[in-house]
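First comes the structure, then the notes that go with it.
Bear in mind that the values in this text are calculations on the coordinates, not laboratory data. Just so you know, these numbers come straight off a predicted model, no measurement behind them. Heads up, the Cβs are rebuilt from the backbone with ideal geometry, glycines too, and the neighbour counts pull from every protein chain shown.
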Amino acid sequence: MTVNRQWVLAERPVGRAVRESDFRLVESPIPVPGRGEFLVRTMYLSVAPVMRMYMLDGAGIEKPLAIGEVMRGRGVGEVVASNHPDYDVGDHVQGKLGWQEYSVSDGSPYFMMYKVRQRLVPLSTAVGVLGMTGFTSYLGLVDIGQPKRGETVLVSGAAGGVGSNVGWIARNLGCRVVGIAGSAQKCWSLTEH
């Protein structure tokens, strides 16, 4: 492949849900990594509710996306070219790749790039339960919340990525779990699956 397919922001979802027309698929040249950089071929992308806020105002943690800019998002990929001493061709990584087939990183903290070293479960878990979502769930509940067997754990946003993980972790720790979700459909999904 000689092109980099990218989903870019076409329109802001102001006052409404995100829709397909908010994005445009474009093609650009595959980027070439410079000194101290590496090229990643995206394999899996995550989709999270916070991405709507990136499209509007940056969610208070990023600058707002400009119209025509690559949609932000975490992903899992394989290093396919490297000029970085800590990243080798063939390494699998997860981090801020954006919604595109190829991206360049310098490994700096902004990219939140981590090597995926485990090989026991699918690589896709690195954007979920074995990625930022899973680590946030586990560390927030176990290290900060420190629940004890038999206690009740209340999970707000129980149908989201972090919330649903927290519910399962709390349950496996012997806690009673009460979840809050934004709709009857979400509650049904949590209790019936």
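Quick notes on this one:
- Relative to the dominant Cα principal axis of the chain, helix 161-172 is inclined by about 40°.
- Selection from Ile144, Ser189, Ala159, by position along the positive dipole direction of segment 115-193 (Cβ): Ile144
- When GluC sites (Glu not before Pro) are flagged only if DSSP places them in a loop and at most 15 other Cβ atoms lie within 10 Å, the longest unflagged stretch of the chain comes out as 70-150.
- Of the residues Pro31, Gly134, Pro85, the one whose Cα sits farthest towards the positive end of the charge dipole of segment 1-154 is Gly134 (charges of +1 on Lys and Arg Cβ, -1 on Asp and Glu Cβ, taken about the Cα centre).
- Think of each Lys and Arg Cβ as +1 and each Asp and Glu Cβ as -1; about the Cα centre, that makes the dipole of segment 64-180 roughly 620 debye.
- Estimated vicinal HN-Hα couplings, Hz - segment 12-25 in sequence order (Karplus 6.51, -1.76, 1.60; Gly, Pro = x): 7, x, 6, x, 7, 6, 5, 9, 4, 5, 6, 10, 9, 8
- Estimated purely from DSSP H runs of n ≥ 4, each contributing -39500 (n - 2.57), the mean residue ellipticity at 222 nm for the chain is -5000 deg cm²/dmol once divided by its residues.
- Other-chain or far-sequence residues with amide H under 5 Å of Glu101's (modelled H): Arg5
- Segment 114-167 and segment 1-56 have Cα centres separated by 25 Å.
- Here the spin labels are modelled as points 7 Å beyond Cα on the Cα-Cβ line, and at Thr191 and Leu120 they lie 3.4 nm apart.
- At an R0 of 30 angstrom, the distance between the Cβ atoms of Asp106 and Ser156 translates into a FRET efficiency of 0.25.
- Extension gain, Ala184 back to Glu78 (0.36 nm per residue minus Cα-Cα distance, nm): 34.2 nm
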